[in-house]
Amino acid sequence: MKKFASTLSKYLLILFPPLFFFSYFPIITLGTNTYMNFELSLPEIWLVVFFISSLFNVKVVYKFYGIKKIALASLVPIYFSLSILWSENRPRAILTAGLFWLLAFAALNIIYYLKNDKSKRLRSSLIKSLLISATVISAFCWLQCILDIAGVPRDTTLLCRGCVASTFGFPHPSGFAIEPQFMGNLLLAPVLLCFYLLSRASSAPKSKNQTLRRILLTLFLTTTLFLTLSRGAIYAFIVALIVMLLLIRKKSMLIKSSVCTAASLVLALTAFGAFSALGPTSDNFVSGVTKAVHQLTLGKIDLRPDEVKNSTFDTNASIIKDSETTQESVDPQPNTQPADQQTDPAHFSGYVEESTNVRLSLNSLAFRIWLSSPRYIIIGTGLGSAGPAMNRAFPAEIGPKEIVQNEYVSLLLETGLFGIVTILFVVFFTTVYLVKQKFLKNNPLFLCVLLGFALTLLFFSGLPNALHLYLFPLLLFNFNRRSENNFLVADVVENH
């Protein structure tokens, strides 16, 4: 039975990357209350099944880590569990704490399996699974955009409400995630992996065809990342890539990375222009490209035509709070008329400043509530209770299901200084251990993926739609050790 469970766990690990790309679709709706929706996703199901299958290895895993490391890994989940006692939203607190326990358990087991993977077959299979999954889902993202331009209804394309062409003049994909920012976030790890593999070409010479496939894969995934129009994911990618270049310090990688990034951005902007020209609105190629630039640069670069700049149509659109690109704004209807008759302007003529202002306003309100009570300052409002606390303090401005849109501010409000200190304690001692082992020095890819995900937490909060953020970096754990470089570069990308 133990052998069967161990084999099952390893097969579940191979399914881990593709299943986590389905972070919102399909979804099982279980009900709702005043403060939250009760839903079950494929990643959550995977966590439960993986937990059950790995129970037979508890003793082995415990001996592998020892009491000190297990205790350190359990500190944050323990404190989160304790905060259920004073949470103002206990159902959400219980479920969120449970997810953190499952994530901690899964993380410990993933590292254990990878560390004991002597043949490196499991590691190779996991990396291939990640790259193949990212490629297939990225292809679906492009299909979403094409179908939307063709007038296919949103319930078929699975695009979010604000992702359709009538919002900006061009569609931007959300994949099987709830929003484009989560789709972009899912692509961070595979995109950064592709750039790292490009840097290793000199140490493992390949044929021209194999090198070309590697470059094309990098271009395709990076272009899809830009296509999501998720500023949080794109900014995080750029910062993480710059740090990777500084750590690796290879002129050849700097040139390849710069060219691939620039080419991907140009391809994405070209796609926005083409979608705008072919779409149901009065936008054309130029207005589509310049709108995208205006949105991505937070209005700092404005190359839009005068007629677009002077447009006032978007001022009439009601913007409801959203985590990235005003996706909860007016719900555009699917195209039902021939393309030449669809000449209405898009709902937004460029950068939607209110989407940024709403996020900053939520952060400000969260800080005000946190400072309003000594209890909140010390232990917080309780896990999962940011929404109820903000709604009670500002009922006219905040709905009961609202979230802070910044994970760090959300944790400060919900867990207080004790919670933040606990998290920093775990991060500090984990970092000290990794530095002593010279792990971070030898693993720039793992470090940069962690940095990218950490930056994206500035743009959203909540756990169910971002479970990958806590586990995807582990796929690259110990990836860059010199003893493994030849194997990984030669074997992992061989078939891509």
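The values are calculated or read from the model by the stated rules, or taken from the named source; none is laboratory data. Note that the structure is a prediction, hence the values are computed from the model and not measured. Here Cβ is always computed from backbone atoms with ideal geometry, including for glycine, and neighbour counts include all displayed protein chains. Only protein heavy atoms, including side chains, enter the accessible area calculation; ligands, DNA and RNA are left aside. Shrake-Rupley method; radii C 1.70, N 1.55, O 1.52, S 1.80 Å.
Limited to the range 196-208, what total is found for residues that are surrounded by 17 or more Cβ atoms within 10 Å (Cβ to Cβ) and either modelled with pLDDT under 75 or not small (Gly, Ala, Ser) (or both)?
Matching residues across the range 196-208 total 5.
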Residue hits (the range 258-288; surrounded by fewer than 18 Cβ atoms within 10 Å (Cβ to Cβ) and either in contact with a strand residue (DSSP E or B) (Cβ under 9 Å, 6 or more places away or on another chain) or among the aromatic types (Phe, Trp, Tyr) (or both)) are Phe285
Check on Phe51, in contact with a helix residue (DSSP H, G or I) (Cβ under 8 Å, 6 or more places away or on another chain), assigned to a helix (DSSP H, G or I) and under 16 Å from Ile14 (Cα atoms)
yes
Is it the case that some residue within the range 453-467 is surrounded by fewer than 19 Cβ atoms within 10 Å (Cβ to Cβ) and farther than 30 Å from Val48 by Cα?
no
Can you say whether Asn33 is on the phi < 0 side of the Ramachandran plot, at pLDDT below 90 and of a type in the set (S, T, N, Q), as far as the supplied structure shows?
yes
Hey, among Thr211, Thr218, Thr222, Thr167, which residue is over 23 Å from His347 (Cα atoms), of a type in the set (Val, Ile, Thr) and modelled with pLDDT under 95?
Thr211
Scan the range 389-409 and tell me whether some residue there is open to solvent by 10 Å² or more (accessible area, probe 1.4 Å), more than 14 Å from Asn89 (Cβ to Cβ) and of a type in the set (D, E, K, R).
yes
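Listed residues Ser124, Ser53, Ser138; which is in contact with a Ser or Thr (Cβ under 6 Å, 6 or more places away or on another chain), open to solvent by less than 40 Å² (accessible area, probe 1.4 Å) and modelled with pLDDT under 95?
From the options Ser124, Ser53, Ser138, the qualifying one is Ser53.
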Any idea which of Val76, Val152, Val164 is on the phi < 0 side of the Ramachandran plot, in contact with a Pro (Cβ under 6 Å, 6 or more places away or on another chain) and touching a residue at least 24 places away in the same chain (Cβ under 8 Å)?
Val164
Checking Leu217 against (1) assigned to a helix (DSSP H, G or I); (2) open to solvent by 10 Å² or more (accessible area, probe 1.4 Å); (3) in contact with an Asp or Glu (Cβ under 6 Å, 6 or more places away or on another chain), the condition it does not meet
(3)
What's the number of the only condition in (1) among the charged types (D, E, K, R); (2) outside any loop (DSSP other than H, G, I, E, B); (3) at pLDDT below 90 that Glu397 fails to meet?
(2)
Residue count, the range 431-480 (criterion: farther than 25 Å from Glu407 by Cα and part of a loop (DSSP other than H, G, I, E, B)):
6
Only one of these conditions is not met by Thr312: (1) under 25 Å from Met183 (Cβ atoms); (2) modelled with pLDDT under 90; (3) open to solvent by 30 Å² or more (accessible area, probe 1.4 Å). Which number is it?
(1)
Does the range 229-287 hold any residues that are charged (D, E, K, R) and either under 23 Å from the mean Cα position of the chain (by Cα) or over 20 Å from Arg200 (Cβ atoms) (or both), and which are they?
Arg231, Asp283
Determine whether Gly66 is on the phi > 0 side of the Ramachandran plot and touching a strand residue (DSSP E or B) at 6+ places or on another chain (Cβ under 6 Å).
no
Within the range 221-257, how many residues are assigned to a helix (DSSP H, G or I) and open to solvent by 60 Å² or more (accessible area, probe 1.4 Å)?
10
Top-ranked residue of the range 373-388 - restricted to ones that are in a loop (DSSP other than H, G, I, E, B), in contact (Cβ under 8 Å) with a residue 24 or more places away in the chain and not hydrophobic (A, V, I, L, M, F, W, C), ranked as surrounded by the fewest Cβ atoms within 10 Å (Cβ to Cβ)
Ser385
Determine which single condition Ala104 fails, assuming it passes every other condition in (1) touching a residue at least 24 places away in the same chain (Cβ under 8 Å); (2) open to solvent by 30 Å² or more (accessible area, probe 1.4 Å).
(2)
Quick one: in the range 1-50, of everything that is surrounded by 13 or more Cβ atoms within 10 Å (Cβ to Cβ) and among the charged types (D, E, K, R), which residue is farthest from Val136 (Cα to Cα)?
Glu39
Evaluate the following for Ile178: is it modelled with pLDDT under 95, over 20 Å from Ser276 (Cα atoms), β-branched (Val, Ile, Thr) and within 15 Å of the chain's Cα centre (by Cα)?
yes
